[in-house]
Amino acid sequence: MSSENKEKFQIEYQAGKVAFERGEYRASVKHLEAACALMNRTSRLGGEAQMWLVTAYEAAGKKPEAIALCQQLSRHPDTETRKEGKRLLYILQAPELKRPAEWMTQIPDLGAIAESSPEDRRGSQSASGSSKRDRKDKLEPEPIDLSQVNTKDNQFIWVALIALILTVGGLIWLGV
């Protein structure tokens, strides 16, 4: 393998891994497929790139491609790659468990936000101005009419204070 191909492989391989870690699975598949085409598939590094490609396929919703590649990797010459390929194949072929709908959280698609007009967005200037005023109104307490408040001393504080003094005095007198 020429040094130029090694450099191209490293660039594509790293770009594929970075794209995968960012959640850009389609871009990751594209970069990793290019990297696998540049490297000898039976080498240890070629097997490693293919393992990343399997996970990218699965994340991108291409499960049949991921399973087919895992089946190839389960016969790979490198023992670690072969073992990892078999393990991933077992996981990919496992039956999917049924989950009740109430266990799941629906995540809205935010991809269309960039194309929408600012007036349609929740965080737009016109909406945020009124919502800030609403929040300010909610945070301010209502004024209290002091003529409605019972301000008569109910003598409780004096009773509690005398009881406390008697208790402490009794404890000191008994020497406890």
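One residue alone among G85, G123, G129, G111 is at pLDDT below 80, of a type outside the set (S, T, Y) and assigned to a helix (DSSP H, G or I), and that residue is G129. Residues of segment 42-65 that are open to solvent by 70 Å² or more (accessible area, probe 1.4 Å), free of Cβ contacts under 8 Å to residues at least 24 places away in the same chain and within 17 Å of G16 (Cβ to Cβ): E65 alone.
Considering only segment 66-79, I want to know if a residue exists there that is among the charged types (D, E, K, R), within 18 Å of R26 (Cβ to Cβ), crowded, with 17+ Cβ neighbours inside 10 Å and out of contact with any Leu (no Cβ under 6 Å at 6 or more places or on another chain). The answer is no; no qualifying residue exists.
Among the residues of segment 14-23, is there at least one that is in contact (Cβ under 8 Å) with a residue 40 or more places away in the chain and buried (at least 21 other Cβ atoms within 10 Å of the Cβ)? Yes: one or more hits.
The values are calculated or read from the model by the stated rules, or taken from the named source; none is laboratory data. Keep in mind it's a predicted model, so treat the numbers as computed, not measured. Note that each Cβ is placed from the backbone with ideal geometry, even for glycine, and that neighbours are counted across all protein chains shown. Remember, those area values only see protein heavy atoms, side chains included, never the ligands or the DNA or RNA. Shrake-Rupley method; radii C 1.70, N 1.55, O 1.52, S 1.80 Å.
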